[in-house]
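Working notes, beginning with the structure itself.
The values are calculated or read from the model by the stated rules, or taken from the named source; none is laboratory data. None of the values given here were measured: they were computed from a predicted structure. Cβ coordinates were reconstructed from backbone atoms using ideal geometry, including for glycine residues, and neighbour counts include every protein chain displayed. For the accessible areas, the whole protein counts, side chains as well, though only heavy atoms, and no ligand, DNA or RNA atoms are used. Shrake-Rupley method; radii C 1.70, N 1.55, O 1.52, S 1.80 Å.
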Amino acid sequence: MKKLMTGNEAVARGAYEAGVSFASAYPGTPSTEILENIALYKDDIIAEWAPNEKVALESVIGASVAGVRAIASMKHVGINVAADPLFTFAYTGVTGGTVIVTADEPSMFSSQNEQDNRNYGPFARIPILEPSDSQEAKDMVIEGIRLSEKYDVPVLLRLTTRICHSKTLVELGEREEVRIIDYKKQFSKYVAVPAVSRKLRVKLEQKLIDLEKYSNNSEFNKEEYNGLEIGIVSSGISYQYAKEVFGLNASYFKVGMSYPLPIDKIREFSKKVKKLYVIEELDPFIEERLKLNDIECIGKELLPNIGELSVEIIKEKLLDEKNQTIKYDNSLVSERLPTLCAGCPHRSFFYRLIKRKNIMVTGDIGCYGLGAIEPLNAIDTVICMGASISMGHGAQKVFTKYNKNLRNVSVIGDSTFFHTGINSLLNVVYNKSNPIVCILDNRITAMTGHQNNPGTGITVHNEISTRIEIEEVVRSLGIKNIEVVNPLDFKEMDRAFDNAFGKDEVTVIITKWPCVLKKYSDEDILEFGKNFRSLVVDEDKCIGCKQCLNTGCPALIFDNEKRVVEIDEKQCVGCGVCVQVCPVDAIKEVGDNNNE
């Protein structure tokens, strides 16, 4: 039977068919749907959201050592978080076969940086498989598990956005029933103390030699001969783009195992064509290795190493052809910046924060990063998960010693706090710093599509678990000054800020209100109520001062002819922020709007 599947769905199916018994992940675009789909096979696979990627991989390593096949999945920057166990896992090898999925995001649609995680292959000394469609995504998980067990190594499966989210037909198979390997102590394999690791390091180099031999014979690395004027070496989604551009006018070497590369096989291919192009996304990963092996080729001299590739880019750069497009006056197109949703509880928090002077605001990874954009302009830095508190600590230490007029405010979300914020806050307490730490609890992991986390107390299978209260965690670290507030209430926010700025020790403000897009649970309804208001502007009272527009709410529209503000009732949920901002009480409540 065949089924149309995204790459992420196909990876999940591959895990099922390969006999995987344990899966763990932290949500992050474009990888999130992998674990969500693995969770559908709950009778056969234990699936979990982990607090962060390091914990996810370590859990998977534990499952492998205990004797089952396992898989971890994460976005590209998540591999950075998981790199510590990854490098040593390459030394120790596996018991149960293990695949680690990295979902890279060229063009950074929802990421803070752009990186090509194929570089982790030679860096960590682990093999890499790279699918070019959903069928291969499924097949490579199965083969990756087999390779992992045969060569005693974890295997990295490198996806990119278009493979993750585009759909192709996948032929479904049956699940392989695998015997769980009996656990036994293996000091010389799993206890990575120096005396053991030195021996494992030597063994790892031999594994790579063996894996290169496999790569030169792998069915995933294959030639497709047409004309011999042009030869193209490509991998992943770039292979699909290349075929669409050149069709039968070129021959192809499709790389499915990008580390170790099948150098011998590619060399033979290169001898048969007159001109050899390497088409890949992002870095010249394949290209550099070909040139190191004296294989002449053309790659990043012509093609960009920034952003996603496309059919249009390849056609323009290699064939000097441009698609015809509609001509228009670009000066008439206004830039549309991303913004917080109408009714987002973060908006009112930032609106009150920007009233404070002499502050540096260190931000974090989450929806609240949009607080840096006009008109709020409330955040000064965004680096990585958990960095807001750590950076705030360092900045505050400097301010305290050299510039006593400045104060740091660290802003972090609830899921990010559980991810890596707890350790950062521990550092603040231990090293006696005094930033103002604001934890924005919107009751869900919002940015990646509303996944549960330890603060919701619900598992990936929607089972009730222990709910970790942020306030209790903060208090257990020894912090005494803690404020829990409704961020939609200006008076509460101002009182909390007054208290925090008035103290010379660390203070934590926890804003607590659900994401406006969240479907309310019974607990949410009990705690926060169910009804939002519908609001309308009294045009006779509105003076057109535009102060409400300074909140950046997309439901507020200024009518240039009438010189008054209007409210888009399709977007407005009646959070009441504009009501509190309006200096002439021109915005009124007119009814209820249920949040279903």
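So, with a 1.4 angstrom probe, what is the percent of accessible area on the range 109-252 that is carbon and sulfur? Provide the component values of the computation, followed by the final result.
Working: 3660 of 6940 Å².
In the range 109-252, the share of accessible area belonging to carbon and sulfur is 53 percent.
Here's how it looks for residue 46: its modeled amide H is under 5 Å from those of 22, 23, which are all 5 or more places away or on a different chain. Model label points for residue 380 and residue 209, set 7 angstrom from Cα along the Cα-to-Cβ axis, are 5.6 nm apart. 3J(HN,Hα) couplings calculated from phi for the range 448-460 with the Karplus curve 6.51 cos²θ - 1.76 cosθ + 1.60 (θ = phi - 60°) are, in sequence order, 8, x, 6, 8, 6, 8, x, x, 8, x, 10, 7, 5 Hz; Gly and Pro show x. An oblate overall shape is assigned to the range 467-596, the ratio a/c of its alpha-carbon gyration tensor axes (a ≥ b ≥ c) being 1.5 or greater and a/b not exceeding b/c.
Quick check: from the Cα gyration tensor, does the range 20-160 come out rounded (a/c under 1.5), prolate or oblate? Cα axes put the range 20-160 in the rounded bin. Sorted from longest to shortest, the spans of the Cα atoms of the range 242-357 along the three principal axes equal 67, 39, 23 Å.
Accessible surface for residue 575 stands near 30 Å², nearest 10, in the context of the full protein assembly shown (1.4 Å probe). Applying the Karplus relation 6.51 cos²θ - 1.76 cosθ + 1.60 with θ = phi - 60° to the range 79-84 yields 3J(HN,Hα) values of 4, 4, 5, 8, 4, 4 Hz, where x marks Gly and Pro.
Across the range 141-249, Cα pairs under 8 Å and at least six residues apart give a relative contact order of 26 percent. Cut-off 14 Å, label point 7 angstrom out along Cα-to-Cβ of residue 588: give me the residues of the range 524-538 whose amide nitrogen falls inside. Only 534-538 pass the distance filter.
For the range 1-101, the fraction of 1.4 Å probe accessible surface lying on carbon and sulfur atoms is 52 percent.
Legend: calculated FRET efficiency, residue 339 to residue 430, from the Cβ-Cβ distance at R0 = 35 Å, rounded to 0.05, equals 0.40. Between the helical axis of 53-65 and the longest alpha-carbon principal axis of the chain there is an angle of about 40 degrees.
Across the range 259-274, computed HN-Hα scalar couplings (Karplus, 6.51 cos²θ - 1.76 cosθ + 1.60, θ = phi - 60°) run 7, x, 6, x, 4, 4, 5, 5, 4, 5, 5, 4, 5, 9, 10, 7 Hz from first to last residue, x flagging Gly and Pro. Which one, 452, 564, 202, is farthest towards the positive end of the dipole of the chain when Lys and Arg carry +1 and Asp and Glu -1 on their Cβ? Going by the Cα projections, it comes out as 202. Here the range 306-419 is assigned +1 on the Cβ of each Lys and Arg and -1 on the Cβ of each Asp and Glu. Its dipole about the Cα centre then comes out at about 920 debye.
Once the C-beta distance of residue 568 and residue 494 is scaled by a Förster radius of 25 Å, the resulting FRET efficiency is 0.35 to the nearest 0.05. In the distance distribution for the range 465-532, Cα-Cα pairs more than 20 Å apart total 41 percent.
Under 26 Å of direct C-alpha separation, and excluding same-chain neighbours fewer than eight residues apart, residue 150 reaches these lysines: 54, 138, 184, 185, 189, 199, 203, 207, 213, 222, 254, 265.
Secondary structure note: in the range 428-523, about 15% of the DSSP beta bridges are antiparallel. Can you tell me how the range 88-164 classifies by the Cα gyration tensor, rounded, prolate or oblate, using a/c under 1.5 as the rounded cut? Since a/c reaches 1.5 but b/c is at least a/b, the shape of the range 88-164 is classed as oblate.
Note on residue 219/residue 272: beta-carbon distance plugged into 1/(1 + (r/R0)^6) with R0 of 30 Å gives a FRET efficiency of 0.95.
The Cα center of the range 361-381 and the Cα center of the range 242-297 differ in position by 43 Å.
Simple point charges give the picture: +1 on the Cβ of Lys and Arg, -1 on the Cβ of Asp and Glu, and for the chain a dipole about the Cα centre of about 1700 debye.
For the residue pairs 355/397; 2/42; 355/562; 503/588; 75/432, the C-alpha atoms sit more than 26 angstrom apart in 355/562; 503/588; 75/432. To test your reading of the geometry: what angle, between 0 and 90 degrees and rounded to tens, separates the Cα axis of helix 490-501 from the longest principal axis of the chain? So the helix axis and the longest Cα principal axis differ by about 80 degrees. Would you please give the residues with an amide H less than 5 Å from that of residue 359, counting only those at least 5 places away or on a separate chain, with H modeled from the backbone geometry? Counting only residues 5 or more places away or on other chains, the set is 407. Under a 5 Å amide H cut-off, with hydrogens placed 1.01 Å from N, residue 259 pairs with 128 among residues at least 5 apart or on other chains.
Taking the Cβ of residue 274 as the center, what net charge do the other residues with Cβ under 13 Å away carry, scoring Lys and Arg +1 and Asp and Glu -1? In short, +1.
What is the projected area of the convex hull of the Cα atoms of the chain, averaged over all directions, in nm²?
32.1 nm²
Comparing Cα centroids, the range 308-355 and the range 91-160 end up 30 angstrom apart.
The stretch between residue 179 and residue 244, if pulled fully straight at 0.36 nm per residue, gains 19.0 nm over its current Cα-Cα span.
With each label modelled as a point 7 angstrom along the Cα→C-beta vector, the residue 264-residue 522 pair spans 6.5 nm. Helical runs assigned H by DSSP (4 residues or longer) give the chain a calculated mean residue ellipticity at 222 nm of -10000 deg cm²/dmol, each run adding -39500 (n - 2.57) before division by the residue total.
For Cα pairs less than 8 Å apart in space and 6+ apart in sequence, what is the mean separation divided by the residue count of the range 440-563, i.e. the relative contact order in percent? Relative contact order of the range 440-563: 21 percent. Based on Cα contacts under 8 Å between residues 6+ apart, the chain shows a relative contact order of 10 percent.
Here the extension length gained between residue 459 and residue 1 equals 161.7 nm, from 0.36 nm per residue of separation less the Cα-Cα distance. Counting only alpha carbon atoms, the long axis of helix 194-217 and the longest principal axis of the chain meet at about 70°. So what is the accessible area of the chain per residue, in Å², with the probe set to 1.4 Å? It amounts to 45 Å² per residue over the chain. For the chain, the share of DSSP beta bridges that are antiparallel, to the nearest 5, is 30%.
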